[in-house]
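Written below as structure tokens is the structure these notes are about.
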Amino acid sequence: MQILIAEDEPRIAAFIEKGLRANGFTTEIAVTASETLNLAVQGEFDLLILDLGLPEKDGLEVLEELRGQGSQIPIVILTARDDIQDKLAGLEGGADDYMTKPFRFEELLARVKLRLRGHSQTAALEETILSAGNVVLNLRTRKVQVGSKIIELPVREFTLAEMFFRHPGQVLSRQQLLDRVWGYDYDPGSNILDVYVGYLRKKLGSELFETVRGVGYRLRS
Ligand code: CA
């Protein structure tokens with residue numbers, strides 16, 4: 001497994017590299033935004049650990065460019081910024097996880113392993129087509145067919161849709177959905193899940209997603 005570490009502080013980069021190598025990973029360090037983009041799009045890395053305060057460009061811009069180019073590389077943001085707006089921007093921009101410095105290496109390692117596992121499970125099911133009502137999800141092309149129309153969903157909306165389509169008719173709790181799609185111990189007061197279900201209702205059909213009051217949501221099968 002190859003990990004790309006985007007980090008401009010040599011001391012931190014070396015600390016992460018040493019720990020990952022001791023755990024059997026191959027690593028490479030990128031110290032600027034352009035270096036990170038160049039290496040990440042080559043597709044040889046299994047995961048990117050992304051600092052937000054990078055020379056040349058903000059890490060959030062790097063994230064946006066990568067996802068904009070269709071890169072599905074799992075991304076764990078690791079930053080000194082603990083501002084909730086940055087956190088939200090990172091997660092909504094398609095990062096898989098977000099950790100703030102100072103951090104314990106064991107926690108970073110656990111999150112890296114978790115993201116790698118989730119990703120390889122998705123990859124193994126690449127050929128799968130999932131459907132409900134007149135909506136078809138193609139997990140390989142990441143395209144969604146609604147009736148006769150083909151649409152594309154942002155990464156996180158697609159992941160949420162996939163979670164529903166994998167469990168048709170089953171009540172999914174708010175916590176399950178937040179854990180699986182946002183992968184983060186989320187602010188329980190946040191309404192982000194409802195906002196995203198709203199997006200899916202609008203794009204895929206409001207009748208598909210049933211609100212189960214006090215629990216979560218269910219995909220009508
Ligand atoms: Ca930095």
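To put it simply, the accessible area of the chain at a 1.4 Å probe is 48 percent carbon and sulfur. Convex hull volume of the C-alpha atoms in the chain, normalised per residue: 120 Å³. Cross-linked pairs Lys57/Lys113; Lys18/Lys113; Lys87/Lys202; Lys18/Lys57: Cα-Cα separations exceed 21 Å for Lys57/Lys113; Lys87/Lys202; Lys18/Lys57. Excluding the site residues themselves, the longest part of the chain lacking any trypsin sites (Lys or Arg not before Pro) in a DSSP loop with at most 16 other Cβ atoms within 10 Å is 143-212. Taking a straight line from the alpha carbon of Lys143, these aspartates and glutamates sit under 14 Å away, with near neighbours fewer than eight places off in the same chain left out: Glu126, Glu127, Glu152, Glu157, Glu162.
When a/c is below 1.5 the answer is rounded, else prolate if a/b is larger than b/c, else oblate, so apply that to region 2-122 with a ≥ b ≥ c taken from the square roots of the Cα gyration tensor eigenvalues. Judged from the Cα gyration tensor, region 2-122 comes out rounded (a/c under 1.5). For the residues Ser190, Ser131, Ser206, a GNM of the chain with alpha-carbon springs under 10 Å puts the largest fluctuation on Ser190.
Contact order for the chain, expressed relative to its length and based on alpha carbon pairs under 8 Å spaced 6+ residues apart, stands at 13 percent. In the full protein context, region 129-219 carries 50 Å² of accessible surface per residue, based on a 1.4 Å probe and ignoring ligands, DNA and RNA. Sparsely packed loop sites in region 1-89 (the GluC sites (Glu not before Pro) outside DSSP H, G, I, E and B with at most 15 other Cβ atoms within 10 Å) comprise Glu44, Glu56.
The values are calculated or read from the model by the stated rules, or taken from the named source; none is laboratory data. What you see is a predicted model; the values in this text were computed from it and never measured. Virtual Cβ from ideal backbone geometry, glycine too; neighbours counted across all protein chains shown. For the accessible areas, the whole protein counts, side chains as well, though only heavy atoms, and no ligand, DNA or RNA atoms are used. Shrake-Rupley method; radii C 1.70, N 1.55, O 1.52, S 1.80 Å.
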